[in-house]
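See below for the structure under consideration.
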Amino acid sequence: MRKYECISAVTLESFSEFVKSFYAQMYVEGLIQGNITSKKAKSVESFLLCRLEIKAAQNLEYLRQNQVKRIPPGCSIFTARNRSTDDENSVITNYYQYGKCGLREFLINQIILAKMEEPCFACLRTSKQLGYHVQSGSTYLYGMVGFTVTICSLASKCSMQVLDDSIEEFLQDFHKNHVEKMTEETLSEIISTEIRLKQNCGDANLQAEVDRRWKEILENSYVFDRPTREINELKTITLQDLKLWSRNFIAPESKRRKLSIQVVGNDRQSAPRRQPGSKRPPLRFPSPHQQPTTYPNPRPTIFPNPRATTNSNSRATTYPNPRVFTSIEEFKSECKRYST
């Protein structure tokens, strides 16, 4: 939608000016691999820089530093209505961000999410039947570690409150009954499986090897022997490492940084039905100057806070002051306060 809103303002003059300024100062990184000598590779580099006629960028360290915004403490909700008025599909993705971590912490999070995958599907999809698609997975972007849980459902079946509460209840149950009760044998099996996967997903050809190394360059990590390092690090991870990570990151009493992205479908039961044989109305987008439609009155219930009060009859604790955002700009402004 951001692209859609901006494209109408692009003119030939503005595009030409952008091209000139884009090549004015640049920072260039490259990867040449294969049957080629060092001398030939350097000649290719010189030819490229000469033809582009670019000047070296001044603030080199800033350009090389890819940054990821840190989510504010507690819970932030970004909600919007499905722009297709005839579509009742709803999607919720809860993103839990831990923070900047090293290789060891990334692998611990990966092991826990490997263990979470099956019970997450069994609980939210098979048992509770909340939606037709349920998925969990670890995330790692420029050193920022976290994980996501996604549910695709129907507006006529489940509200966002039900979906969000169910995810939180599952996480509490997962920590209590799967991580805390995990045995050494179970951990050994998971680590062995992860090691085999990393050994078997080696570079099948030159293109795969180049892609792997180019990814290291794009992320400014330059760990070109990452598979070997990960395998060696996996062998040192203990059961106590996993339990401590879960207590600090997943457990209900932990201090989370959560972003809940909610796209709310349109309930067909309350919407006027099309007559048999009539054409489906076209998908209409607002003008670039029109504010996006937002889900009215987003729910305030957030994941448990250790300082919030609970009672024995309550199934979930609520965070006292959730932040609800209806625009990307508003959320980005809030994140600037917590940038790392």
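The values are calculated or read from the model by the stated rules, or taken from the named source; none is laboratory data. Here the structure is a predicted model, which is why all the values come from computation and not from measurement. Note that each Cβ is placed from the backbone with ideal geometry, even for glycine, and that neighbours are counted across all protein chains shown. All accessible areas refer to the heavy atoms of the entire protein, side chains included, with ligands and DNA or RNA removed. Shrake-Rupley method; radii C 1.70, N 1.55, O 1.52, S 1.80 Å.
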Counting only residues that are closer than 18 Å to Q110 by Cβ and assigned to a helix (DSSP H, G or I), segment 190-237 contains a total of 23
Residues of segment 199-216 being open to solvent by less than 50 Å² (accessible area, probe 1.4 Å) and under 22 Å from the mean Cα position of the chain (by Cα), in sequence order, are E216
Given the conditions (1) modelled with pLDDT of 90 or more; (2) in contact with a Pro (Cβ under 9 Å, 6 or more places away or on another chain); (3) of a type in the set (K, R), every one holds for K198 apart from (1)
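So if I check each of S8, S16, S21, which one is loosely packed, with under 12 Cβ neighbours inside 10 Å and modelled with pLDDT of 85 or more? Lay out the reasoning, then the answer.
On the way: S8 fails: modelled with pLDDT of 85 or more; S21 fails: modelled with pLDDT of 85 or more.
It is S16.
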What do you reckon, is K181 surrounded by fewer than 13 Cβ atoms within 10 Å (Cβ to Cβ), among the basic types (K, R) and not in a helix (DSSP H, G or I)? yes
Can L187 be described as surrounded by 15 or more Cβ atoms within 10 Å (Cβ to Cβ), touching a residue at least 60 places away in the same chain (Cβ under 8 Å) and within 19 Å of the chain's Cα centre (by Cα)?
no
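Let's see how each residue does on (1) exposed (fewer than 15 other Cβ atoms within 10 Å of the Cβ); (2) under 25 Å from Q135 (Cβ atoms); (3) modelled with pLDDT of 80 or more:
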residue	(1), (2), (3)
V68	no, yes, no
P73	yes, no, yes
F78	no, yes, yes
N82	no, yes, yes
D87	no, yes, yes
I92	no, yes, yes
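For the structure I just gave you, tell me whether V149 is under 22 Å from the mean Cα position of the chain (by Cα), open to solvent by less than 10 Å² (accessible area, probe 1.4 Å) and modelled with pLDDT of 95 or more.
Numbers: under 22 Å from the mean Cα position of the chain (by Cα): yes; open to solvent by less than 10 Å² (accessible area, probe 1.4 Å): yes; modelled with pLDDT of 95 or more: yes.
It is true that V149 is under 22 Å from the mean Cα position of the chain (by Cα), open to solvent by less than 10 Å² (accessible area, probe 1.4 Å) and modelled with pLDDT of 95 or more.
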Residues of segment 95-107 being open to solvent by 10 Å² or more (accessible area, probe 1.4 Å), in a helix (DSSP H, G or I) and in contact (Cβ under 8 Å) with a residue 60 or more places away in the chain, in sequence order, are L103, R104, E105
Filter segment 25-50 for residues that are open to solvent by 90 Å² or more (accessible area, probe 1.4 Å) and of a type in the set (S, T, N, Q); the one that is modelled with the highest pLDDT is N35
Restricting attention to segment 51-66, the residues that are assigned to a helix (DSSP H, G or I) and either among the hydrophobic types (A, V, I, L, M, F, W, C) or modelled with pLDDT under 80 (or both) number exactly 6
Of the residues in segment 11-41, those that are in contact (Cβ under 8 Å) with a residue 12 or more places away in the chain, over 23 Å from S221 (Cα atoms) and small (G, A, S) come to A24
Over segment 239-251, the set of residues under 21 Å from K100 (Cα atoms) and either touching a residue at least 12 places away in the same chain (Cβ under 8 Å) or surrounded by 14 or more Cβ atoms within 10 Å (Cβ to Cβ) (or both) is D241, L242, K243, W245, S246, R247, F249, I250, A251
One residue is enough: does segment 163-178 have a residue meeting the conditions loosely packed, with under 15 Cβ neighbours inside 10 Å and not in a helix (DSSP H, G or I)? no
